[in-house]
Amino acid sequence: MASWLLARSRVFFSTHQPKNLPFLSPPFLNHTSSSSSVPSRKISPTLFCFSRHESTKADAQLELEHDVAEDDTNQAIDFPGGKVGFTSEMRFISESAQKRVPCYRVLDDNGELVKYSNYVQVSKEMGVKMYSDMVTLQTMDSIFYEVQRQGRISFYLTQMGEEAVNIASAAALAPDDIVLPQYREPGVLLWRGFTLQQFVHQCFGNTHDFGKGRQMPIHYGSNKHNYFTVSSPIATQLPQAVGAAYSLKMDGKSACAVTFCGDGGTSEGDFHAAMNFAAVMEAPVVFICRNNGWAISTPVEEQFRSDGIVVKGKAYGIWGIRVDGNDALAVYSAVHTAREIAIREKRPVLIEALTYRVGHHSTSDDSTKYRAIDEIEYWKMTRNPVSRFKRWVERNGWWSDKDELELRSSIRKQLMHAIQVAEKAQKPPLEDLFSDVYDILPSNLQEQEKLLRKTIEKHPKDYPSDVPL
């Protein structure tokens with residue numbers, strides 16, 4: 001089966017076939033024409049259109065594929081890693097294939113099934129929950145963003161435009177799977193049962209916050225839900241996820257680790273270290289890269305010269321697939337299958353989800369300074385993942401206008417009540433700044449705490465009055 005995957009998509013590659021994966025049967029990677037899969041540059045000049053160096057006379061010596069002819073298959077060097085054949089032709093391997101890796105999708109922009117689509121079936125219960133959680137995430141973002149603008153919380157970061165990657169990936173996982181997020185995946189935690197009140201407590205940093213107010217807003221975490229606490233430094237979670245996955249493998253667990261990053265994160269050394277680490281150790285980890293076109297203000301064409309992210313997996317010996325990140329069914333199917341591969345085959349898998357960050361990078365950013373408003377509106381209206389999935393559940397007879405009104409009204413009421421509760425809750429005491437690390441506080445931290453208390457006594461107006469001393 002691996003051979004047809006390679007021939008059809010150049011996404012997956014393996015020297016042996018996976019066992020008991022009937023879903024991976026033709027035509028798994030069906031896709032529409034390039035004109036419908038990727039918007040034209042007239043509409044959006046910066047979306048996934050990667051620059052290439054100008055061709056030179058050396059093109060004649062560039063082999064666009066890896067199948068350089070060997071002079072004699074019997075003449076080879078028995079090199080570590082396997083035999084390597086010889087050739088008398090001097091040909092360099094091109095930086096990329098002539099054709100870009102296709103993007104797997106199931107639903108078109110109107111929420112209709114693409115002809116001959118092959119995907120993992122979703123029940124009514126699953127489909128309705130997926131849509132409901134996407135709406136919940138959307139509503140949460142809208143309200144929290146306004147709360148930050150009102151000065152009631154210090155920071156916020158939305159998932160607008162990326163709801164499908166959040167919720168559909170979470171739906172495809174099992175509770176025992178370990179999740180190491182970046183910072184734009186609260187939908188995974190929402191799916192696993194983290195309550196709206198718990199989200200609000202964290203953003204307000206009160207005594208009910210699991211992190212005791214030590215982290216910035218949106219840095220969620222929950223041991224109960226196997227969701228590692230968000231860490232601001234980019235890509236640090238990737239090699240950590242490989243270690244977690246390897247521990248699951250050593251313990252014989254039927255589970256995997258799943259970790260997320262953005263396109264900007266692939267420019268970090270930790271990304272490449274994690275990929276190589278995972279491949280060599282054959283760790284059951286699924287890497288999900290949200291390629292949303294922008295690393296804050298840096299467009300993808302200034303991030304790399306490769307065909308996106310998915311091709312990077314092949315260099316490390318990792319299977320991969322490119323998926324339409326705004327198609328919830330495609331994301332669900334890809335992650336569901338990647339999980340099976342990771343666990344049954346004991347190997348890492350890389351998923352590149354092509355999506356778009358409709359909102360600003362964070363409340364500290366104004367994205368209209370570096371990208372066109374028309375570009376944002378195109379993705380917000382034409383390629384909206386929530387609207388697309390809504391049309392599909394409606395066509396199935398699973399959703400109505402009445403359901404929509406009731407859901408949005410209920411979520412809004414729950415959030416407004418949760419905010420009132422969180423604002424009234426007490427802030428963590430000052431001593432919590434120094435606890436929970438050392439059994440016995442070392443002398444240097446004892447000195448710091450004394451100095452901090454003296455400074456607060458001397459300048460009380462410069463410190464929040466609602467923090468117990």
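The values are calculated or read from the model by the stated rules, or taken from the named source; none is laboratory data. Everything quoted here is computed from the prediction, not taken from an experiment. Cβ: placed from backbone, ideal geometry, glycine included. Neighbour counts: every protein chain shown. Just so you know, the surface numbers come from the protein's heavy atoms only, side chains and all, with ligands and any DNA or RNA stripped out. Shrake-Rupley method; radii C 1.70, N 1.55, O 1.52, S 1.80 Å.
A compact table of results
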read-out	value
Residue 457 paired with residue 296, simple spin-label distance in nm, labels 7 Å along Cα-to-beta-carbon	4.0 nm
Percent of beta bridges antiparallel (DSSP, region 267-407, rounded to nearest 5)	15 percent
Along principal axes, Cα extents of region 124-423, largest first, whole Å	50, 43, 41
Accessible surface of region 87-223 [probe 1.4 Å, protein heavy atoms]: carbon and sulfur percent	51 percent
Above-threshold pairs, the threshold being 31 Å between Cα atoms, out of 380/427; 124/212; 212/461; 212/454	380/427; 124/212
Accessible area (Å², 1.4 Å probe, nearest 10) - residue 456	20 Å²
Listed residues 116, 131 arranged by accessible area, highest first, probe 1.4 Å	116, 131
Computed lengthening from residue 125 to residue 99, 0.36 nm per intervening residue step minus Cα-Cα distance	5.4 nm
Restricting region 107-208 to trypsin sites (Lys or Arg not before Pro) in coil, as DSSP defines it, with at most 10 other Cβ within 10 Å	115
Probe 1.4 Å - accessible area at residue 417, Å² to nearest ten	110 Å²
